[in-house]
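A.B. asks: What follows is a single structure, and I will ask about it in a moment.
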Amino acid sequence: MAQKQLSMKEIAQLAGVSVATVSHVVNNVGRFSEDTRKRVQDVIDQYGYVTNQSAKTLRQAQSRSIGMIVPDISNDFFSKIAYHVERTLAAQGYSVFVCNSGNDPQRERDYFHSLASKQADGIICISGLRELTDDIVTRGIPVVCIDRMPQSDLAIPHVGTDDERGAHLATSALIDRDCKNILTISSFTADYDRNDRLTGYMHALADHGLPLRREYMAYVTGQRPSMDEAQDIVAGMIDAGMPLDGIFATSDHSAAGALRAVQAAGLNVPGDIKIVGYDDSIYSKLTTPQITTVQRHPELMAQEGCKALLDLIAGRTPAMETVAPVELVRRRSC
């Protein structure tokens, strides 16, 4: 029975080792003998330095817990991925702790450190960071990135989609409906600066002989809900009298806001302006008319991400790059 909870320094004194060695044993990192582990563990068991589950973690070197970091849990696409990650890993006996970074790069970094310190067996991340470095991914914890892939020198598996192709499909769908003046509204992605969807839009214009005009490239800032920002962007263009017959929004949230602005101006969708969104989220189905969009298969992405993480945990070599298919889902807005 535990008598009292000691500090790490006191445990080191009782076990006859250094504080650093106790830290290594507690966090299961670094080099130490089995005899050293047993001496430290015996003191921990006697004085209750950690919870029963954490003590079991030290003995088994697994906590059976996984951390998942998402940029915005209210986003339908991200929440679908989180839902399927939890279901997939629960079936394998893991608990999943979902951490909402709120599109805050520092909060995401803090979650990486917190999950590592809590001895999570691995982390699945939809990152908003520009780069993942070894000062963020600490203690050799297995990490898999889903959707976005920050720059990194670390060997981190990635499960994503061909967003350049998806955006090309969306923009081409508008062009095929005789749109010539096509606005694109890009999503806010915090510190993450790769934008394959914008690249796909630009390539589609070029492939169809249409000019690239910077005034038709807009961005939401993340300061307000993207639906509201997109509505204001489109309303501003209409009020300014800019020719506009097509809108490609890189999220269904923004597409719904664009639709709201067009209808508020007394214009018809798809008669006057056609709209295509992205993600095939619930927002694309709740509007009138429903929004043509790009499906990215979040369930498949979640399953492949879990598979890669479980491979890492088990010491197997995972697929380092997995690409889920994209496809255009035609509805009434285009």
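The values are calculated or read from the model by the stated rules, or taken from the named source; none is laboratory data. Note that the structure is a prediction, hence the values are computed from the model and not measured. Positions of Cβ are backbone-derived with ideal geometry, glycine not excepted, and every protein chain shown enters the neighbour counts.
A.B. asks: How about the stretch 151-172: which of its residues are in a loop (DSSP other than H, G, I, E, B) and surrounded by 22 or more Cβ atoms within 10 Å (Cβ to Cβ)?
C.D. replies: Pro157, the sole residue that qualifies.
A.B. asks: Quickly run through the stretch 102-140 and pick out the residues that are touching a strand residue (DSSP E or B) at 6+ places or on another chain (Cβ under 7 Å) and surrounded by fewer than 19 Cβ atoms within 10 Å (Cβ to Cβ).
C.D. replies: Arg130, Glu131
A.B. asks: Let me ask you something else. Provide a single number: the residues in the stretch 244-260 that are of a type in the set (D, E, K, R) and assigned to a helix (DSSP H, G or I).
C.D. replies: Number of matching residues: 2.
A.B. asks: Sticking with this structure for a sec: Can you tell me which residue within the stretch 195-243, out of those that are under 19 Å from Thr293 (Cα atoms) and assigned to a loop (DSSP other than H, G, I, E, B), is modelled with the lowest pLDDT?
C.D. replies: Asn195
A.B. asks: What is the residue count in the stretch 61-83 for residues that are part of a strand (DSSP E or B) and closer than 15 Å to Asn103 by Cβ?
C.D. replies: Summing the residues that are part of a strand (DSSP E or B) and closer than 15 Å to Asn103 by Cβ in the stretch 61-83 gives 2.
A.B. asks: Within the stretch 276-287, does at least one residue satisfy the condition of being without any contact (Cβ under 8 Å) to a residue 60 or more places away in the chain, part of a helix (DSSP H, G or I) and over 30 Å from Val143 (Cβ atoms)?
C.D. replies: Yes, there is a match, as at least one residue in the stretch 276-287 is without any contact (Cβ under 8 Å) to a residue 60 or more places away in the chain, part of a helix (DSSP H, G or I) and over 30 Å from Val143 (Cβ atoms).
A.B. asks: Any idea which of Ile282, Ile291 is modelled with pLDDT under 95 and β-branched (Val, Ile, Thr)?
C.D. replies: Result: Ile282 is the single residue among Ile282, Ile291 that is modelled with pLDDT under 95 and β-branched (Val, Ile, Thr).
A.B. asks: Can you confirm whether Thr184 is at pLDDT 95 or above and assigned to a helix (DSSP H, G or I)?
C.D. replies: So Thr184 fails the test.
A.B. asks: Within the stretch 34-46, can one find any residue that is aliphatic (A, V, I, L, M) and modelled with pLDDT of 80 or more?
C.D. replies: Yes, some residue in the stretch 34-46 is aliphatic (A, V, I, L, M) and modelled with pLDDT of 80 or more.
A.B. asks: What are the pairs, 6+ residues apart or on separate chains, where a residue within the stretch 220-245 that is more than 13 Å from Ile185 (Cα to Cα) and among the β-branched types (Val, Ile, Thr) has its Cβ under 7 Å from a residue that is modelled with pLDDT of 95 or more and assigned to a loop (DSSP other than H, G, I, E, B)?
C.D. replies: Hits for this filter: Ile238/Leu244; Ile238/Ala265.
A.B. asks: Could you pull out the residue among Asp252, Asp228 that is among the acidic types (Asp, Glu) and crowded, with 17+ Cβ neighbours inside 10 Å?
C.D. replies: Asp252
A.B. asks: May I pose another question? Go through (1) modelled with pLDDT under 95; (2) surrounded by fewer than 16 Cβ atoms within 10 Å (Cβ to Cβ) one by one and return the number of the condition Pro318 breaks.
C.D. replies: The one condition Pro318 does not meet is (2).
A.B. asks: Give the stretch 88-119 a look and list any residue that's free of Cβ contacts under 8 Å to residues at least 12 places away in the same chain and either under 29 Å from Thr293 (Cα atoms) or among the hydrophobic types (A, V, I, L, M, F, W, C) (or both), or say none.
C.D. replies: The answer is Ala90, Ala91.
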